[in-house]
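Undergrad: The structure follows.
The values are calculated or read from the model by the stated rules, or taken from the named source; none is laboratory data. All of these numbers come straight from a predicted model, not from anything done at the bench. Glycine gets a Cβ as well: all are built from the backbone with ideal geometry, and neighbour counts include every protein chain shown.
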Amino acid sequence: MAIYRDGSGAETLSALQSPQTRTKRPAVASVSFVRGIPGNGVGGNFGAVFNSGESTLESRQMAQKTKPFPTEADLCAAFIKEIARDDKEWTAYAETAGWDILLVHNADGRQIGIQAKLKLNLEVINQALEDGSWYRVADAHPDYRAVLVPGVSPPADKVCDHLGLTVIRVYTDGTRGHFFRPSLPTDAKNAYGCEDWHETATVKRHKLPEYVPDVAAGASSPLQLTDWKIKALKLTVTLELRGHLTRRDFAHHHVDHRRWITSGWLKIEDGRYIKDAFPDFKRQHPVVYKQIKADAPKWLPKTLFEPAPTQAALPLAAE
């Protein structure tokens, strides 16, 4: 019997066998004792770990079957759905300001920045932490920072508390009485669950997009509703209503027209920009597109339907 120490510092007890013995014996489950797992009756500080090819495969298959959320996007979607159904005080902005979800309080504008992961680990904690640099301390920050994980994730709540992070656990079976815990912070200082939240005392909150994003939160390659994308949607609506764009349209929305030409999205015909290989912004954001089109009287320039001058009739610049 010999003791081997692996790279992690754990001690393993394994029976020494000769090469002949190993080749003749059939594959069986190996037993190792790892220091640091309490409550197993082996010296109080050792845990038995049984490994075999079949048991490992079966455990992985079982883990996949019992996985509460297949992806982080599913986890975020379930959480946002519950917010919209049970808590009318908050609006979820998906993929906003660098957060998977930015919750915004409808009454006073308080913000909760949330990063999501299928397991509570150092990666998601690092993503949710503030940068810490003195020259960014007065930048835009949410009022609270949180990580969103399934309820079965390993505990690290005390560590997160010391770091000023709230761990939001999502339960699919409702055994804890709520779909997620803790409850979101309220105005009442003594309300249940408020002790789980850590105010950042920010001096400036994140800038919100003009419309609530109609994108999936937590996706591996997230689609974002940026200020530029909203301007692009407005130009798309203008193009649909009038049939062409001019330089004045780009100037009105403060958008550089050159990308639209060099990318082949538009082509020039008699001094006007008409569709070419135009991106389907409407398909990317169908909900927001309808909202922008409905709001067109508010943002469209007054000269929308004025005839654009032909090349032969262009005015000269005043001296």
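Undergrad: Give the number of residues within region 261-277 that are at pLDDT below 95, under 18 Å from LEU241 (Cβ atoms) and either not assigned by TED's automatic domain parsing to the domain that holds LEU241 or not in a strand (DSSP E or B) (or both).
TA: 0
Undergrad: Within region 80-128, track down each residue that is assigned to a helix (DSSP H, G or I), farther than 19 Å from PRO68 by Cβ and of a type in the set (A, V, I, L, M, F, W, C).
TA: ALA84, LEU122, ILE125, ALA128
Undergrad: Also: What number goes with the only condition from (1) modelled with pLDDT under 50; (2) under 20 Å from the mean Cα position of the chain (by Cα) that PHE69 does not pass?
TA: Evaluating PHE69 over (1) modelled with pLDDT under 50; (2) under 20 Å from the mean Cα position of the chain (by Cα) leaves (1) as the failure.
Undergrad: Here is a further query. Could you tell me whether region 161-171 includes any residue that is at pLDDT below 90 and surrounded by 14 or more Cβ atoms within 10 Å (Cβ to Cβ)?
TA: Yes; the residues of region 161-171 include at least one that is at pLDDT below 90 and surrounded by 14 or more Cβ atoms within 10 Å (Cβ to Cβ).
Undergrad: Okay, moving on. Which pairs have Cβ atoms under 8 Å, sit 6 or more apart or on different chains, and link a residue in region 157-171 that is under 19 Å from LEU75 (Cα atoms) to one that is charged (D, E, K, R) and buried (at least 22 other Cβ atoms within 10 Å of the Cβ)?
TA: From residues that are under 19 Å from LEU75 (Cα atoms), the pairs are LEU165/ARG145; THR166/ARG145.
Undergrad: Got a number for residues in region 229-244 being assigned to a helix (DSSP H, G or I) and exposed (fewer than 14 other Cβ atoms within 10 Å of the Cβ)?
TA: Going through region 229-244 one residue at a time, the tally reaches 2.
Undergrad: Checking the conditions here, which among LEU148, LEU118 is under 22 Å from ALA97 (Cβ atoms) and in the same structural domain as TYR93 (by TED's automatic domain parsing)?
TA: LEU148
Undergrad: Now for a different question. Given the structure, is ASP131 assigned by TED's automatic domain parsing to the domain that holds ARG181, part of a loop (DSSP other than H, G, I, E, B), under 17 Å from TYR144 (Cβ atoms) and in contact (Cβ under 8 Å) with a residue 24 or more places away in the chain?
TA: In short, no.
To keep it simple, each residue is scored yes or no on (1) modelled with pLDDT of 50 or more; (2) basic (Lys, Arg); (3) exposed (fewer than 12 other Cβ atoms within 10 Å of the Cβ).
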| site | (1), (2), (3) |
| --- | --- |
| GLY39 | no, no, yes |
| LYS65 | yes, yes, yes |
| TRP90 | yes, no, no |
| LEU122 | yes, no, yes |
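Undergrad: Also: Take the residues in region 134-149 that are part of a loop (DSSP other than H, G, I, E, B) and in contact (Cβ under 8 Å) with a residue 40 or more places away in the chain; name whichever of them is farthest from the chain's Cα centre (by Cα).
TA: That would be ALA138.
Undergrad: Take VAL255 and decide whether it is in the same structural domain as ALA294 (by TED's automatic domain parsing), in a loop (DSSP other than H, G, I, E, B), out of contact with any strand residue (DSSP E or B) (no Cβ under 9 Å at 6 or more places or on another chain) and surrounded by 14 or more Cβ atoms within 10 Å (Cβ to Cβ).
TA: Yes; evaluated as a whole, the condition is true for this residue.
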